[in-house]
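Input: a single structure, listed below in structure tokens.
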Amino acid sequence: MPPLLERVGLVVDRIDWHARELMAALRVRGIETVPVRLPRCGFATQTASGLHIDGFNDTLPDAVIVRTMSGGTFEAVTLRLGVLHALRELGVPVWNDARAIERCVDKSMTSFLLSRAGIATPATWATESYEEARAIVQRAAADGPLVLKPLFGSQGRGLMLIRRPEDLPQTEQAAGRVFYLQRFIGAERGGYHDFRVLVVQGRIVAAMQRHSSHWITNIKRGGRPVAVAVNDELKALALRAAKAVGAAFVGVDIIYGADMRPAVLEVNSMPAWSGLQKVTAVNIASVFADCFLEGVGIRNTQGATA
């Protein structure tokens, strides 16, 4: 019989709607959820575990869910990821673990892994050199515009459409002083549309189509969620993308280009789903809780189902 899970650490910056949904879903399954703030965690090698985990005193959580992780200095983020790496080394299941988070937070690594796995994704370039970025745009923009994105970013913030080298910001104005450029493959079809597919433990949980009059379709930027039944092509692409980054749960953004072929734009290892929940009858937090307990090999003490 799988072991009884008693206390799960939920990594959050604040107790928002998503955190409350997850905590409630786990509570009805007999699981106590303890909020964990990574900035309050650290290493303490004189202790039995070598770690100090916020909310757990001298003990360790039975498992950890990473809902959000705030930005910070390079040193601070390195320390926080180090804590997550250490938890896994100690045998504590972490969803998603530090390696998967690193692969998804760094968009250039995501693009690299997708491409290496043979998954359709827009052509991508990343460089620290302003001169090299200009040369890339000079060559590539002849075939259409590029999108400049923050290497670390979410919710459509900081995106710029680049049609010529002069559109590029100077190095000191570029996010993180890095130029991450991706071929723009969006097509105007009575507005712009793409898909967000939520994958948990190798399972398609829910999906939506995002509609916008603007080429940036993120819900936080004014995109409108619409219920959709994804076809087998999109399902297969989303599942392959999740596997490529090694994540237990992800939000996969997929777009149909002008050639009507689907391509993966991004893979988010800490996806929000409030917009998605509005257009699906599935209780996403409930399904997540069941998949999580199954994934970490824990029996459901209350027999709750999605």
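Only the coordinates and a few stated rules stand behind these numbers; no lab work does. Bear in mind that the values here come from a model prediction, so they are computed numbers and not experimental data. Virtual Cβ from ideal backbone geometry, glycine too; neighbours counted across all protein chains shown.
Size descriptors for segment 225-278: radius of gyration and Dmax over Cα atoms are 11.6, 31 Å. When every alpha-carbon pair in segment 1-151 is counted, what percent end up more than 27 Å apart? Of all Cα-Cα distances in segment 1-151, 39 percent exceed 27 Å. For a straight C-alpha distance cut-off of 15 angstrom, the aspartates and glutamates reachable from Lys107 (same-chain residues fewer than eight places away being disregarded) are Glu128, Asp253, Glu266. Residue ranges 225-232, 249-256 sort as 249-256, 225-232 when ordered by packing (mean number of other C-beta atoms within 10 Å per residue, highest first). Other residues whose C-beta falls under 12 angstrom from the C-beta of Gly202 contribute a net charge of +3, scoring Lys and Arg +1 and Asp and Glu -1.
Toward the positive end of the charge dipole of the chain, with +1 on the Cβ of Lys and Arg and -1 on the Cβ of Asp and Glu, the farthest Cα among Ile254, Gly50, Met270 is that of Ile254. Placing a pseudo-label 7 Å from each Cα along the Cα-to-Cβ vector at Ala117 and Arg20 gives an inter-label distance of 3.4 nm. Would you be so kind as to identify which of Phe184, Leu90, Gln201 lies farthest towards the positive end of the dipole of segment 77-211, taking Lys and Arg as +1 and Asp and Glu as -1 on Cβ and the Cα centre as origin? So the residue furthest toward the plus end is Gln201. When you work out D = kT/(6 pi eta Rh) for the chain at 4 °C and 1.567 mPa s, using the Kirkwood radius from C-alpha pairs as Rh and the Stokes-Einstein form, the result is 63 µm²/s.
Give me the Debye-computed log₁₀ of I(q)/I(0) at q = 0.10, 0.20 Å⁻¹ for segment 130-249, equal point scatterers on Cα only, no solvent, two decimals. One equal scatterer on each Cα of segment 130-249 leads to -0.39, -1.17. Within segment 91-114, list the residues whose amide N lies under 16 Å from a label point set 7 Å along Cα→Cβ of Lys243. Correct set: 113-114. Computed about its Cα centre, the charge dipole of the chain is approximately 560 debye, with only Lys, Arg, Asp and Glu carrying charge at their Cβ.
In a reduced charge model with +1 at each Lys and Arg Cβ and -1 at each Asp and Glu Cβ, segment 7-95 shows a dipole moment near 200 debye about its Cα centre. The angle between the Cα long axis of helix 130-140 and the longest principal axis of the Cα atoms of the chain comes to about 60 degrees, rounded to the nearest 10. About the centre of its Cα atoms, segment 123-183 shows a dipole size close to 220 debye [charges on the beta carbon of Lys, Arg (+1) and Asp, Glu (-1) only; nearest 20 debye].
Could you let me know the centre-to-centre spacing of segment 18-65 and segment 172-220, using Cα atoms, in angstrom? Comparing the Cα centres of segment 18-65 and segment 172-220, I get a distance of 32 Å. If you bin all the Cα-Cα distances of segment 123-183 at 5 Å, starting from zero, the percentages per bin are 4, 21, 36, 26, 10, 2. On the principal axes of its alpha-carbon atoms, segment 7-95 has extents of 36, 28, 19 Å, going from largest to smallest.
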